[in-house]
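Before any comments, here is the structure.
Only the coordinates and a few stated rules stand behind these numbers; no lab work does. The structure displayed is predicted, hence computed values, not measured ones. Quick reminder, even Gly has a Cβ in these numbers, built from the backbone with ideal geometry, and neighbours come from all protein chains shown.
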Amino acid sequence: MRTLRIATRGSALARWQAEHVRTLLEALDYRCEIEIITTSGDRGNRTPTAEITGKALFTKEIEDALLQNAADLAVHSLKDVAIEMPAGLVLGAVPTRDDPRDAIVSRDGRSLDELLPGSRVGTASIRRRSALRAARQDLEITTLRGNVPTRVRRVTDGDVDAAVLAMAGLRRLQLAEGALPIDSATIVPAPGQGALAIQTREDDPEVQGAVERIDDPAVHAAVLAERAALLGLESGCAVPIGAHCWRNGESLALSVAVYAIDGSRTLQTTLPVDPAVPTEAGRSAAQELERQGANELILAALAAANTEGV
């Protein structure tokens with residue numbers, strides 16, 4: 001078989017993820033090389049319009065490389081991958097998932113419940129900001145951007161009292177010491193958080209056959225359920241929605257939450273998941289949340305995002 005060209009971003013976390021997939025494939029005797037590609041998100045082109053429309057800021061150029069046959073597969077953080085992929089590309093595999101929860105990193109090692117009133121907590125995620133307000137109205141929530149090491153350093157330097165990040169990213173970069181996971185019922189993780197997406201061309205069965213060997217079927221089913229809920233709610237990254245599918249005994253369960261951006265309301269539902277047709281649970285969860293009034297919260301979040309962009 002030919003050498004597999006793995007496309008990825010150049011951040012420390014993205015490189016770790018690509019190297020992890022490379023290790024998995026090379027253990028099965030495939031030859032691999034990594035191609036670093038700079039994306040719009042890496043260049044800082046995060047316009048409000050792009051966020052609202054769900055444009056894949058961290059994946060577009062990588063997907064273009066796949067479509068142009070400049071790479072054979074791509075490795076992404078699954079939560080960064082648009083629900084509807086470009087024609088010709090498929091989600092070829094989802095390896096075993098890391099911890100999907102969010103985590104809090106604070107200067108004095110306090111948990112979310114232990115933070116002092118008025119503490120400044122940083123995050124760039126609308127979902128995390130809204131869920132934090134729902135959990136702790138007495139905190140000051142501020143925007144904190146940058147890669148994972150930068151955000152951790154901002155806490156250490158005292159720019160903020162704490163930051164909320166993905167536990168998986170902290171673990172992968174060996175920055176999890178002192179980080180405390182937040183219960184997924186308190187802040188429902190982003191769809192696909194902690195999971196890797198291996199993207200391939202639909203018309204390349206040779207590569208698809210290779211990556212399928214490192215696919216975790218249970219995790220793949222779980223993330224399909226999560227992403228189906230997001231699709232059903234017709235929402236992008238400008239809306240505070242969490243979706244988390246986990247093993248519940250011998251079966252799977254899906255929890256989906258929609259937060260009001262000011263933390264005043266949280267709509268949530270939990271449903272069983274049939275691994276054979278996981279997207280059905282996602283669609284059903286979206287319908288249930290719509291019955292609860294999710295559209296009102298979604299429209300309010302989109303209006304707020306539009307206002308911020310003016």
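Tabulated data
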{"quantity": "Percent of beta bridges antiparallel (DSSP, the stretch 102-181, rounded to nearest 5)", "calculated": "60"}
{"quantity": "Charge dipole (debye, nearest 20) of the chain; +1 at Cβ of Lys and Arg, -1 at Cβ of Asp and Glu", "calculated": "740"}
{"quantity": "Per-residue HN-Hα couplings for the stretch 291-307 [Karplus 6.51, -1.76, 1.60; θ = phi - 60°; Hz; x = Gly/Pro]", "calculated": "5, 6, x, 4, 4, 4, 5, 5, 5, 5, 5, 5, 5, 5, 5, 5, 5"}
{"quantity": "Electrostatic dipole magnitude of the stretch 102-181 [Cβ: Lys, Arg +1; Asp, Glu -1; Cα centre; debye, to 20]", "calculated": "400"}
{"quantity": "Centre separation in Å (Cα based) which lies between the stretch 4-30 and the stretch 79-152", "calculated": "24"}
{"quantity": "Residue order, fewest to most beta carbons within 10 Å, for Asp216, Asp98, Asp262", "calculated": "Asp262, Asp216, Asp98"}
{"quantity": "For the stretch 146-162, Karplus couplings with θ = phi - 60° (6.51, -1.76, 1.60), whole Hz, Gly/Pro x", "calculated": "x, 6, 4, x, 5, 5, 5, 5, 4, 5, 4, 6, x, 5, 9, 7, 7"}
{"quantity": "Using a Förster distance of 45 Å, the FRET efficiency for Thr307-Glu250 (Cβ separation, nearest 0.05)", "calculated": "0.45"}
{"quantity": "Length added when fully stretched, Asn69-Glu202, from 0.36 nm per residue minus Cα-Cα", "calculated": "46.7 nm"}
{"quantity": "Distant-in-sequence amide H partners of Asp102 (H built 1.01 Å from N, under 5 Å)", "calculated": "Met167, Ile182"}
{"quantity": "Counting DSSP beta bridges with both ends in the chain, the antiparallel % (nearest 5)", "calculated": "75"}
{"quantity": "At 1.306 mPa s and 10 °C, Stokes D of the stretch 216-310 from Kirkwood alpha-carbon radius, µm² per second", "calculated": "118"}
{"quantity": "Vicinal HN-Hα couplings computed from phi for the stretch 131-142 (Karplus, 6.51 cos²θ - 1.76 cosθ + 1.60; Hz; Gly/Pro x)", "calculated": "5, 5, 5, 5, 7, 9, 5, 8, 8, 9, 9, 10"}
{"quantity": "Ranked packing of 3-11, 226-234, most packed first, by mean Cβ within 10 Å", "calculated": "226-234, 3-11"}
{"quantity": "Solvent-free Debye scattering, log10 I(q)/I(0), computed from the Cα coordinates of the stretch 145-190 at q = 0.13, 0.15, 0.20, 0.25 Å⁻¹", "calculated": "-0.29, -0.38, -0.67, -0.99"}
{"quantity": "Computed label-point distance, nm, for sites Glu114 and Arg2 using a 7 Å Cα→Cβ extension", "calculated": "5.4"}
{"quantity": "Cα→Cβ-extended label distance, 7 Å offset, between Ala27 and Glu84, nm", "calculated": "3.7"}
